[in-house]
Amino acid sequence: MSKAATFLNSQVGRKLATGVTGLGLVLFMIVHLLGNLAYFAGPEALNTYSHTLHQLGPLLWVVRMGLLLFFVYHAWLGISIWLERRKARPDKYEVYASRGGASRQSWSSSSMILTGILLLLFVVTHLNTFAFHDFDKVVYGGVEMHDVHSRLSEVFAQPLYTVYYVVIMVLLGMHMRHGVWSAFQSLGWMSRKTNPVIYGIAFVLALIIAAGFIGLPLSIFFELV
């Protein structure tokens, strides 16, 4: 095994990889959210945006599969670290109480493994609902496109799916709140002075992204668009 592989398989290496992949996924979330917000600009804007992506052809599926593997790798890293910590401390933990302070222990941090697994399962169902769906077609300027706008309207008009989606986005916010801060810590970009600042930034970023994703389905469901 090479030195690089040995390092990445170590506790420190996996924590570092978790931080890097986590920040990469946050960047993807931001881009994905901006794309979703095209819904508010009307059917043509959103469908044209989607059509532009589909013009990538097979490359789009390579990117999708790459992102899915990225999600799975990030989840595997988190689960492996959690299992190793649990093995090192087999006794049950005492009743949880939020400590705050330098450790930033909170409900977000204590539920990372659970929210992470639920988010990974959501990615699979989300791909099945949208990426693998056989879309209706619409024509703009003589160009046939997938009618993504109608699909979103159809899906988020369903109460159960909308509630499910909103709950998952709340969990996403919780996961990101601690995850972003933890990523910066793992990468060694923290100090006593920057610790509270970065934690505050992580909280605001998680809040904005979660609220952004929640706003779309609620707007559709309550017919605010």
Inset, instruction - Would you check if there is a residue in segment 125-144 being surrounded by 15 or more Cβ atoms within 10 Å (Cβ to Cβ), β-branched (V, I, T), touching a residue at least 60 places away in the same chain (Cβ under 8 Å) and not in a strand (DSSP E or B)? - result: no
Legend entry - Matching residues, segment 202-225, being more than 13 Å from V166 (Cα to Cα) and over 17 Å from the mean Cα position of the chain (by Cα): F222, E223, L224, V225
Inset, instruction - Would you kindly identify the helices (runs of 4 or more DSSP H) lying entirely within segment 1-54 that contain at least 3 residues that are without any contact (Cβ under 8 Å) to a residue 60 or more places away in the chain and aliphatic (A, V, I, L, M)? - result: 3-8, 11-36
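Yes/no matrix, rows are residues, columns are (1) at pLDDT below 80; (2) part of a helix (DSSP H, G or I); (3) in contact with a His (Cβ under 6 Å, 6 or more places away or on another chain):
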residue	(1), (2), (3)
L59	no, yes, no
L67	no, yes, no
V72	no, yes, no
L77	no, yes, no
S80	no, yes, no
E84	no, yes, no
Y93	yes, no, no
Y96	yes, no, no
A102	yes, yes, no
Legend entry - Of all residues in segment 175-210 being free of Cβ contacts under 8 Å to residues at least 60 places away in the same chain and small (G, A, S), the one that is farthest from I30 (Cα to Cα): S191
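Step by step: first the residues of segment 156-169, then only those that are without any contact (Cβ under 8 Å) to a residue 60 or more places away in the chain and either of a type in the set (D, E, K, R) or surrounded by 15 or more Cβ atoms within 10 Å (Cβ to Cβ) (or both), then the one that is nearest to F28 (Cα to Cα). Which residue is that? Break it down stepwise before answering.
In the first step, residues of segment 156-169 are kept if they are without any contact (Cβ under 8 Å) to a residue 60 or more places away in the chain; the result is 158, 160-169.
Filter once more, so that each one left must be either of a type in the set (D, E, K, R) or surrounded by 15 or more Cβ atoms within 10 Å (Cβ to Cβ) (or both): 161-162, 165-166, 168-169.
Numbers: Y161: 23, T162: 22, Y165: 18, V166: 19, I168: 17, M169: 15 Å.
So the residue we want is M169.
The values are calculated or read from the model by the stated rules, or taken from the named source; none is laboratory data. Keep in mind the model is a prediction, meaning the values are calculated, not measured. Here Cβ is always computed from backbone atoms with ideal geometry, including for glycine, and neighbour counts include all displayed protein chains.
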